[in-house]
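Asks: This structure is in structure tokens; I'll ask about it shortly.
The values are calculated or read from the model by the stated rules, or taken from the named source; none is laboratory data. None of these values were measured; they are calculated from a predicted model. Methodologically, a virtual Cβ is constructed for each residue, glycine included, from the backbone with ideal geometry; neighbour enumeration extends over all protein chains shown.
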Amino acid sequence: MSKSDNKPRNTIVAALLVLLAAGNASAQQPRKLTLGEAIEMSLQNSGKLKIANAKVEEAIAASHEARDHRLPDLKVSGSYLRLNTPTVDLKLKTGSGSGSGSGSSSGSSSLKVDQAAYGLVNASIPLFSGFRIKNGIESAKYLEQATKLDAEKDKEEVIQNTIAAYSNFYKAKRSVELVKENLAREEQRVKDFSNLERNGLMARNDLLKAQLQQSNIELSLMEAENNYKITTINMALMLGLPENTDLIPDSTGLETTADAGLITKWEQTALENRKDRAALSARIQASESSIKAIKGEYYPGLALTGGYIAANVPNVLTLTNALNVGVGLQYNIGSIWKTGAKLDAAKARLHQAQATDGILTDQVRLEVNSAYQSYLLSIKKIGVYAKSIEQANENYRITKNKYDNNLVTTTELLDADVAQLQAQLNYAFAKADAMVAYKKLQQVSGTLSK
């Protein structure tokens, strides 16, 4: 084969390699993830919310089932029977001049019945059921409302968990960045110290101290990078993404703080907006309606009835167009002594729910106060750490000047460097923690999903 024949093939192979390289580059491109995107994706992929939504669908179906009790019942039945040779004595007058006994006997003996068929259609529309249907519908409606509120509460918990995970994700990334910056400075210091030591201007012990600190920073970087990988995998799985997805947090919105406001306002907001309190209130109303429905068992039931009957017994009877309409009354006498225990159990459940409401109210106040104080503490920490950065930077600057003038030891310089790094980490973490604390305050006050 000539070289000219290989040129088109080589060109195609080269093009394919370029396309594959471009595809790999695009596949490995880091994805910048904002907090809002993380929340939206976590809500879409949360297994907890899928279960909550399934419970809501079940409650809606139960509510529809309760309303369907108002609809009429329609029953259709029919049978075809094969018989032996029965003795049929209709006791009917034949209309002949002879005695009725002899005429009836001869007529009965001539009948041959070996089969029969009949069909029934019955309809019943409830008119009065002791308000059991009405109160059953109300109870199902309140339970449906409570289930929806439970789902809203689960939604807020998923949002808060996502915010906390995103905060850890951001802090892990920020740790890697700050430690890398510090490591670069340590590496440069070791180079400078090595030159001084070779020229006899520095003791080898000081160089070893700098190298030891560089090694410690390298270990810290390895731990920070490992922590960042773990938080990235956790974030990806939470959002329904492949675990090897390269994510980068967006710090927008993480470094701003909101006004704490008044604790009394937060408490009032929580009592008005907490989904668990609203769900419990709906369950209390459902229990009250259930008690009314149980009391309805003491009353009789009244229904409008109607039906159609058709029958055919060969040689004996043919029945068609037999329509009937009427009013049916039903009363279970056993309900007089059976309903009492059922009613007592329903009242006990109501009392439990009412007692739980008081406990939950105190719990809401405690949670709001705890979250409020935590947020105030977070804001104060930001101020303290901001000052500590200024102090650490100034301390390092002064220590560096003194070191350059042989007024402090290498150990003091390295300690000042570590203090500066720690101050930077504390400040970065404090801002992220303050955001999480504020979102927690919104969650316990029932306003996070808003």
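Asks: Go through (1) in a helix (DSSP H, G or I); (2) more than 24 Å from L183 (Cα to Cα); (3) touching a helix residue (DSSP H, G or I) at 6+ places or on another chain (Cβ under 8 Å); (4) not β-branched (V, I, T) and name the single condition Q213 misses.
Replies: Tallying (1) in a helix (DSSP H, G or I); (2) more than 24 Å from L183 (Cα to Cα); (3) touching a helix residue (DSSP H, G or I) at 6+ places or on another chain (Cβ under 8 Å); (4) not β-branched (V, I, T), Q213 fails exactly one: (2).
Asks: Could you identify the single residue in S77, S104, S98 that is modelled with pLDDT under 70, loosely packed, with under 15 Cβ neighbours inside 10 Å and out of contact with any Cys (no Cβ under 8 Å at 6 or more places or on another chain)? Give the steps one after another, and end with the answer.
Replies: Values: S77 fails: modelled with pLDDT under 70; S104 fails: loosely packed, with under 15 Cβ neighbours inside 10 Å.
Going through S77, S104, S98 in turn, just one is modelled with pLDDT under 70, loosely packed, with under 15 Cβ neighbours inside 10 Å and out of contact with any Cys (no Cβ under 8 Å at 6 or more places or on another chain): S98.
Asks: Let me ask something additional. What number goes with the only condition from (1) closer than 30 Å to P249 by Cα; (2) of a type in the set (S, T, N, Q); (3) without any contact (Cβ under 8 Å) to a residue 12 or more places away in the chain that N199 does not pass?
Replies: Exception for N199: condition (1).
Asks: Could I ask something else about it? For the condition closer than 24 Å to S167 by Cβ and among the charged types (D, E, K, R), what is the one hit in R274, R283? Reasoning before the result, please.
Replies: Numbers: R283 fails: closer than 24 Å to S167 by Cβ.
From the options R274, R283, the qualifying one is R274.
Asks: Any idea which of E243, E197 is out of contact with any Pro (no Cβ under 8 Å at 6 or more places or on another chain), acidic (D, E) and part of a loop (DSSP other than H, G, I, E, B)?
Replies: On the way: E197 fails: part of a loop (DSSP other than H, G, I, E, B).
It is E243.
Asks: Which number in (1) within 30 Å of E186 (Cβ to Cβ); (2) in contact with an Asp or Glu (Cβ under 7 Å, 6 or more places away or on another chain); (3) not in a helix (DSSP H, G or I) marks the one condition that T399 misses?
Replies: (3) is the only condition that T399 fails.
Asks: What residue, among those in the range 256-272 that are in a loop (DSSP other than H, G, I, E, B) and surrounded by 14 or more Cβ atoms within 10 Å (Cβ to Cβ), is modelled with the lowest pLDDT? Spell out the reasoning first.
Replies: First, the residues of the range 256-272 that are in a loop (DSSP other than H, G, I, E, B): 256-262.
Narrowing further to those that are surrounded by 14 or more Cβ atoms within 10 Å (Cβ to Cβ): 257, 260.
Details: T257: 79, A260: 89.
For the range 256-272, the residue satisfying everything is T257.
Asks: A further question on this structure: Quick check on my filter: what residues within the range 418-428 are within 12 Å of E186 (Cβ to Cβ) and surrounded by fewer than 20 Cβ atoms within 10 Å (Cβ to Cβ)?
Replies: V418 - this is the single residue of the range 418-428 that is within 12 Å of E186 (Cβ to Cβ) and surrounded by fewer than 20 Cβ atoms within 10 Å (Cβ to Cβ).
Asks: Looking only at the range 221-241, decide whether some residue is more than 29 Å from L43 (Cβ to Cβ) and either in contact with a Lys or Arg (Cβ under 8 Å, 6 or more places away or on another chain) or of a type in the set (V, I, T) (or both).
Replies: Scanning the range 221-241 turns up at least one residue that is more than 29 Å from L43 (Cβ to Cβ) and either in contact with a Lys or Arg (Cβ under 8 Å, 6 or more places away or on another chain) or of a type in the set (V, I, T) (or both).
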